[in-house]
1. Going by amide H atoms built from the backbone, whose H comes under 5 Å of the H on V85, apart from near neighbours?
2. Quick one: work out the % antiparallel among DSSP beta bridges in the chain, nearest 5.
3. Limiting things to C-alpha atoms, what are the Rg and the maximum Cα-Cα separation (Dmax) for the chain, in angstroms?
4. Using the structure shown, list the pairs from K202/K223; K133/K156; K79/K133; K156/K253 with a Cα-Cα distance above 25 Å, or answer none.
5. For helix 236-254, what angle does its Cα long axis make with the longest principal axis of the chain, in degrees from 0 to 90 and rounded to 10?
6. So the label point goes 7 Å from the Cα of N51 along Cα→C-beta, right? Which residues of the range 4-35 then have their backbone N under 20 Å from it?
7. Return the tail of the calculated pair distribution for the range 2-153, meaning the percent of Cα-Cα pairs more than 24 Å apart.
8. The range 11-120: which GluC sites (Glu not before Pro) are DSSP loop and have at most 15 other beta-carbon atoms within 10 angstrom?
Amino acid sequence: MRITIIGSGNVATHLALATWQRGHIIDQIWSRNIEHAQHLASRVEAQPIDNLSSLNPNSNIYIIAITDDALFELAPSLKLDDALVLHTSGATPMNVLSAISSRYGVLWSPQSFVRDVAIEYNQLPFCIEGCNKRTEDDIEEFIKMISPHVYRTTHKQRQYLHLASVFVNNFTNGLYAIAQTLCDENNVPFEILYPIILTTAKRVQWGDVRYNLTGPAVRGDEKTLEAHRHLLNNNSQMLSIYDEFTHLLQQLKKQ
């Protein structure tokens, strides 16, 4: 399979590496910044380009891995006839590609990609959607060469998965940052919390996470809650977050 990657960021890098490592030919890497294109292209034996008019018309698949805003900006300038064209956005409908080719769809993984952090690609879940069943079959056949964990999802389902990903990843990292700040300000090693963080993450695989709720909010331990609030008196933002989550946990416990 001959593939062109439009983009050179985190997602583009990992998709280029994952497909190239499984024997696919990466024809080209496009980026507005030619140096970025050159860097990724050198890793997958591809041609770097920074002009869409230079796209190789003979690729079988064109994967557009750029930001959502850039996707809407770039899409009208592409015409790829009957090639398979995919975008990698969790939030954007596939029909943004409808004017580019008669065969289009979505290839999205709910994963936080970092350019130079290794990933076990065969463990990644991929959510796919195609403009018709045949196209969707083609997308599944292609991506199953990378990972067996393929899910056919609608745009609405993918939107909710993307939203859920923000809660479990982005917001959780924000909470970790708050915890690290509390530790740093009080000269306590944040690493002491590593085991509880890892244990909590592992427990989500053991069943309905709503049965895993613990802590003073769930127990109704008002003395501890007040003690925590007292410690946060000088930080109104942290106190507000603490109170919101306390209320949330108490409501979930009632349910």
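1. Close amide H contacts, sequence-distant or interchain: Y62, R103, Y104, G105.
2. So the antiparallel bridges amount to about 15 percent of the total.
3. 22.4, 69
4. Long pairs (Cα-Cα over 25 Å): K202/K223; K156/K253.
5. 90
6. Only 4-8, 27-35 fall inside the zone, counting backbone N under 20 Å.
7. On the way: 2628 of 11476 pairs.
Percentage above 24 Å: 23.
8. On the way: sites: E35, E45, E73, E120; in loops: E45, E120.
Within the range 11-120, the qualifying GluC sites (Glu not before Pro) (loop, at most 15 other Cβ atoms within 10 Å) are E45, E120.
Read-outs throughout are calculated quantities, based only on the coordinates presented, and are distinct from any laboratory measurement. Just so you know, these numbers come straight off a predicted model, no measurement behind them. Methodologically, a virtual Cβ is constructed for each residue, glycine included, from the backbone with ideal geometry; neighbour enumeration extends over all protein chains shown.
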